[in-house]
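Remarks on the structure that follows.
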Amino acid sequence: MKELIKKHLYTSRSPVSDENNNLVHDVASELNADIIKSKCGSEVLSWIIPLYWKVIKGQLKDLSGNILIDFKNNPLHLWTNSISFQGRITKQELENHILTDKNRPDLIPYHYKFGFSTAMQNWGFCISYNDYVKMQDNEYIVDIDTELHNDNYMLTGVKTIKGQENGSTYVFAAHTCHPAIAVDGLTNVIVLMKVFKELEKRNVKNTYKFVFGSEYYAAAAFLNTLNEKEEKSIKGAFFCDLIGADTKPAYSSSFQGDSLIDSITAHIFKHRVKDYSSYGYRQLIGNDEMFYNGPYYNIPTVTLGQNVPAYYHSSGDNYEKIDFDMLETYKEYILDIINILETDYVPVLKYKGPLCLSRYNLYIDFKANPEGYRHIEAAQILADGKTSCFQIAEKTGAEYNFIKNFFDELVKYNLAVRK
Ligand SMILES: [Zn+2]
């Protein structure tokens, strides 16, 4: 996990670049995933795949030739998709081509706008405010040499874990782009890669797809490949972002707000995560949700992640800040969500009247565990042959695994059957 993060973190992962394609390629090889190739400039849904960008040089120098800013030191120093420009310019002119952030004076901000729009083109540098105030000369030399054209491809990875014929399909997605930025993109791709490695070992009921590539465009490229039957089979999607930040876990609900994946996510956060924040649709942070959970497709899509950290979209989002324990923990939360999707069933009781629990070693002492006692009491009454273990758990307030284990025991003793 750490090797892949180290290899790709400080690269210039603009939406369409060798660096971003390399990450897609590496993750796809790890998972033996499929790759969708989208030509730059081509139309997917109503979007145009952005221009391919390659940086040869990006420097700002003083008139004595001293290098003040160098893309080589941090790819955030250039505006994404900056065009070439060479020349001597005044400080005043340069001001129009500098992005700095006074509120976070020691961080290099991230300028991404031109990476997402082919129509707008410009050149520019990003610099920390502390370095910016040191620039007191009247003239500077700009030396930016880049390639920006449509003669290349954007890669999107899709890993499919095939379930049974009657199962549903669930999509998990994260974006690979954002130069030299860690928890906004990259770490989430790695967490989902690990989730899918784990899923591959299992015999699953549902089909799971992991979509990874540039923000927005990967979702568009993936959705564009689906036929009507495939579109209809997708019952939910999860977009992961900001996992590994130094903030509390958080989620955003789908636009529908009351779908099965909303309830399952809320359940796992309440019972497993415990200390968290929850938001409405796209309120935590907006990524590709509008593609999945938007016009036409309208697949309920939940965002899984953490609260937006103070160093969001800047050089502060770096390797040192990654909470690696959280990457492991979050992987487990995601597998917990999948566990409910995989194992839930409707129990049909085969006995009448209250069950003599002690005969089957299922008795819970009221004094020792009053909550457990009440939950088992209610669970039996709620098991009407139509309500699933998860729905019963939700109605009683108990944790899913507690309820499911109880009914599993009844099935074992032939006191219930699974429907
Ligand atoms: Zn971002």
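What follows is calculated from the coordinates using simple rules that are stated; it is not laboratory data. In this text, all values refer to a predicted model and were calculated from it rather than measured experimentally. Positions of Cβ are backbone-derived with ideal geometry, glycine not excepted, and every protein chain shown enters the neighbour counts.
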Which shape class applies to region 83-139: rounded if a/c is under 1.5, otherwise prolate when a/b exceeds b/c and oblate if not, where a ≥ b ≥ c are the square roots of the Cα gyration tensor eigenvalues? oblate
Please give the peptides 307-318, 370-381, 89-100 ranked by average Cβ packing (other Cβ atoms within 10 Å per residue), highest first, as a rough proxy for protection. 307-318, 370-381, 89-100
Could you sort out which of LYS102/LYS274; LYS57/LYS91; LYS159/LYS232; LYS162/LYS419; LYS39/LYS113; LYS232/LYS331 sit more than 24 Å apart by Cα distance in this structure? LYS102/LYS274; LYS232/LYS331
How high is the relative contact order of region 347-418, given as a whole-number percent (alpha carbon pairs under 8 Å, six or more residues apart)? 44 percent
With θ taken as phi - 60° and the coefficients 6.51, -1.76 and 1.60, list the Karplus ³J(HN,Hα) couplings across region 241-247 in order, rounded to whole Hz; mark glycine and proline as x. 8, 6, 6, x, 6, 8, 10
How much FRET efficiency would the formula 1/(1 + (r/R0)^6) give for GLU377 and THR343, where r is the Cβ-Cβ distance and R0 is 22 Å, rounded to 0.05? 0.45
Read phi for every residue in region 276-293 and hand back ³J(HN,Hα) as whole Hz from Karplus 6.51 cos²θ - 1.76 cosθ + 1.60, θ = phi - 60°, with x for Gly and Pro. 7, 10, 10, 9, x, 3, 6, 8, 5, 6, x, 10, 8, 4, 5, 6, 6, 9
Report, by chain and number, residues whose modeled amide H sits under 5 Å from the one on TYR363, excluding near sequence neighbours (fewer than 5 apart, same chain). SER358
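Which length gain, in nm to one decimal place, applies between ASP151 and ASP18 when the Cα-Cα distance is subtracted from 0.36 nm times their residue separation? Display every interim value, and only then the final one.
Working: separation 133, 0.36 × 133 = 47.88 nm, distance 1.23 nm.
Here the answer is 46.6 nm.
Once you have a ≥ b ≥ c as the square roots of the Cα gyration tensor eigenvalues for the chain, tell me rounded if a/c is under 1.5, and otherwise prolate or oblate according to whether a/b is larger than b/c. Mind dumping the intermediate values first?
On the way: a/c = 3.16, a/b = 2.21, b/c = 1.43.
Prolate shape, in that a/c is at least 1.5 and a/b is the bigger ratio.
Order by neighbour count: CYS389, CYS177, fewest other Cβ atoms within 10 Å first, most last. Write down the numbers at each step before the final one.
Numbers: CYS389 25, CYS177 30.
Ranking CYS389, CYS177 by Cβ neighbours within 10 Å, fewest first, gives CYS389, CYS177.
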In whole angstrom, the spacing between the Cα centers of region 185-260 and region 1-55 equals 17 Å
So for each of 256-267, 28-39 I average, over its residues, the number of other beta carbons within 10 Å; can you give me the resulting order with the highest mean first? 256-267, 28-39
For labels at ASN122 and ILE89 in the simple 7 Å Cα→Cβ model, what's the distance in nm? 1.0 nm
Extension gain from TYR296 to TYR279, taking 0.36 nm per residue of separation minus the Cα-Cα distance: 3.8 nm
Listed highest first by mean packing, meaning other Cβ atoms within 10 Å per residue, what order do 394-403, 220-229 come in? 394-403, 220-229
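Under the classification rounded if a/c is under 1.5, otherwise prolate if a/b is larger than b/c and oblate if not, where does region 52-149 fall, given a ≥ b ≥ c as square roots of the Cα gyration tensor eigenvalues? All intermediate terms of the calculation are to be shown ahead of the outcome.
Working: a/c = 1.71, a/b = 1.26, b/c = 1.36.
In terms of gyration-tensor shape, oblate.
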